[in-house]
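S.K.: Can you keep this structure in mind? I'll have questions shortly.
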């Protein structure tokens with residue numbers, strides 16, 4: 001049998017009108033040039049209503065709506081968020097009332113403490129490891145291990161124990177500490193460790209029983225927080241393994257005990273798409289209802305942009321009662337502190 005030549009086949013093509021065809025992109029979805037001096041809201045509104053531009057605005061809207069309606073916003077992060085200078089952004093969100101609980105890994109405690117205590121952190125691992133000096137900072141290990149041991153004796157979780165220590169020690173930069181701010185505001189912050197992953201575990205002052213018991217108490221606290229996430233938001237910034245696994249187990253506990261946690265928004269921020277955050281934060285928790293969102297990019301750009309959008313969107317939204325919002329006690333205290341008042 002002879003095959004028809006390509007030209008002859010094209011002559012039989014059945015064309016149809018582009019006007020009747022379904023299209024996924026229209027001119028209403030395109031970006032808009034931004035005028036000098038525009039607001040954050042104008043910047044976000046100028047983004048394409050497509051792909052990541054639409055996802056960023058959806059994440060901001062979900063967060064602002066949960067904040068406005070007093071639904072739980074759970075903010076989880078790996079240590080890199082602290083290392084790239086974003087603790088002041090998180091502290092500001094906590095003080096405004098935009099975050100209701102936090103979860104973090106153990107390395108975040110190291111960097112949060114060192115910045116509060118010394119004003120600097122993050123050693124150069126390669127050369128330090130070559131010389132046998134990596135992870136042997138005396139003050140860091142002594143402070144963390146002592147705080148954790150005291151916390152165990154007093155029935156505290158790891159986050160509460162370290163936050164209290166930073167808040168009460170008089171460290172010169174405690175005001176920018178996420179853990180100390182959580183202690184001051186009475187916000188739950190849970191720390192989830194794997195034994196041997198953090199530098200203070202190397203030291204003789206480390207107590208394995210204290211590490212395990214205080215972190216396990218924090219897991220129990222996290223289960224209680226996750227049980228309140230219906231219509232809430234989970235933000236997860238840069239933990240590749242530990243927090244996605246811990247969050248998934250806490251969600252399993254909450255649902256098994258009969259708590260309705262189905263309709264929620266989860267937002268994962270990371271440099272690349274990784275298996276556990278994509279599965280355990282974005283996809284699996286939102287199978288029943290809600291929405292999972294991935295935002296890929298550098299933390300030091302995405303987190304401030306997301307935070308600025310949420311603060312502005314929340315300020316512009318009408319209050320649920322129709323009355324003007326009153327500043328919460330944390331915001332009023334922050335304003336007084338900045339004015340030098342008691």
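S.K.: Please go through segment 249-274 and pick out each residue that is under 14 Å from residue 292 (Cα atoms) and without any contact (Cβ under 8 Å) to a residue 24 or more places away in the chain.
M.R.: Matches in segment 249-274: 273 only.
S.K.: Further question on the same structure: For the subset of segment 296-329 comprising residues that are modelled with pLDDT of 70 or more and assigned to a loop (DSSP other than H, G, I, E, B), which member is nearest to residue 78 (Cα to Cα)?
M.R.: 298
S.K.: Turning to a different aspect of this structure: Within segment 135-174, which residues are at positive phi and touching a helix residue (DSSP H, G or I) at 6+ places or on another chain (Cβ under 7 Å)?
M.R.: 135
S.K.: Collect the residues in segment 50-87 that are part of a loop (DSSP other than H, G, I, E, B), surrounded by fewer than 16 Cβ atoms within 10 Å (Cβ to Cβ) and either free of Cβ contacts under 8 Å to residues at least 40 places away in the same chain or in contact with a strand residue (DSSP E or B) (Cβ under 8 Å, 6 or more places away or on another chain) (or both), keeping them in residue-number order.
M.R.: Listed by number, the residues that qualify are 50, 70.
S.K.: Are any residues in segment 265-292 surrounded by 22 or more Cβ atoms within 10 Å (Cβ to Cβ) and in a strand (DSSP E or B), and if so, which ones?
M.R.: 265, 266, 267, 268, 269, 270
S.K.: So, one more: Going by what's in this entry, would residue 198 be described as within 22 Å of the chain's Cα centre (by Cα), under 12 Å from residue 144 (Cα atoms) and surrounded by fewer than 24 Cβ atoms within 10 Å (Cβ to Cβ)?
M.R.: Here the answer is yes, as residue 198 does meet what is asked.
S.K.: Kindly indicate which of 155, 186, 175 is without any contact (Cβ under 8 Å) to a residue 24 or more places away in the chain and more than 18 Å from the chain's Cα centre (by Cα).
M.R.: 186
S.K.: Hey, any hits in segment 219-228 for a residue that's in a helix (DSSP H, G or I), closer than 19 Å to residue 82 by Cα and either in contact (Cβ under 8 Å) with a residue 12 or more places away in the chain or out of contact with any strand residue (DSSP E or B) (no Cβ under 6 Å at 6 or more places or on another chain) (or both)?
M.R.: Within segment 219-228 (the criterion being in a helix (DSSP H, G or I), closer than 19 Å to residue 82 by Cα and either in contact (Cβ under 8 Å) with a residue 12 or more places away in the chain or out of contact with any strand residue (DSSP E or B) (no Cβ under 6 Å at 6 or more places or on another chain) (or both)), the answer is no, since none of the residues qualifies.
S.K.: Please verify whether residue 141 is within 19 Å of residue 209 (Cα to Cα) and modelled with pLDDT under 95, treating the condition exactly as stated.
M.R.: For residue 141, the condition - within 19 Å of residue 209 (Cα to Cα) and modelled with pLDDT under 95 - is met.
S.K.: Could you say whether any residue in segment 197-211 is in a helix (DSSP H, G or I) and within 26 Å of residue 291 (Cβ to Cβ)?
M.R.: Looking for residues that are in a helix (DSSP H, G or I) and within 26 Å of residue 291 (Cβ to Cβ), one finds none in segment 197-211, hence no.
S.K.: Quick one: which of 212, 232 is modelled with pLDDT of 95 or more and within 14 Å of the chain's Cα centre (by Cα)?
M.R.: One residue alone meets the criteria, 232.
S.K.: Determine if segment 239-259 includes at least one residue that is under 25 Å from residue 44 (Cβ atoms) and either at pLDDT 95 or above or surrounded by 12 or more Cβ atoms within 10 Å (Cβ to Cβ) (or both).
M.R.: The answer is no, given that none of the residues of segment 239-259 is under 25 Å from residue 44 (Cβ atoms) and either at pLDDT 95 or above or surrounded by 12 or more Cβ atoms within 10 Å (Cβ to Cβ) (or both).
S.K.: Taking the options 149, 141, name whichever one is over 18 Å from residue 121 (Cβ atoms) and either part of a helix (DSSP H, G or I) or touching a residue at least 24 places away in the same chain (Cβ under 8 Å) (or both).
M.R.: Just one listed residue meets the conditions, 149.
S.K.: Here is a list of conditions, (1) closer than 25 Å to residue 74 by Cβ; (2) surrounded by 18 or more Cβ atoms within 10 Å (Cβ to Cβ), and residue 155 meets all of them except one; can you say which number that is?
M.R.: (2)
S.K.: Just the residues that are without any contact (Cβ under 8 Å) to a residue 60 or more places away in the chain and closer than 22 Å to residue 315 by Cβ, please, taken from segment 37-49.
M.R.: Within segment 37-49, 37, 38, 42, 43, 45, 46, 47 qualify.
The values are calculated or read from the model by the stated rules, or taken from the named source; none is laboratory data. Model, not experiment: these values are computed from the prediction. Cβ: placed from backbone, ideal geometry, glycine included. Neighbour counts: every protein chain shown.
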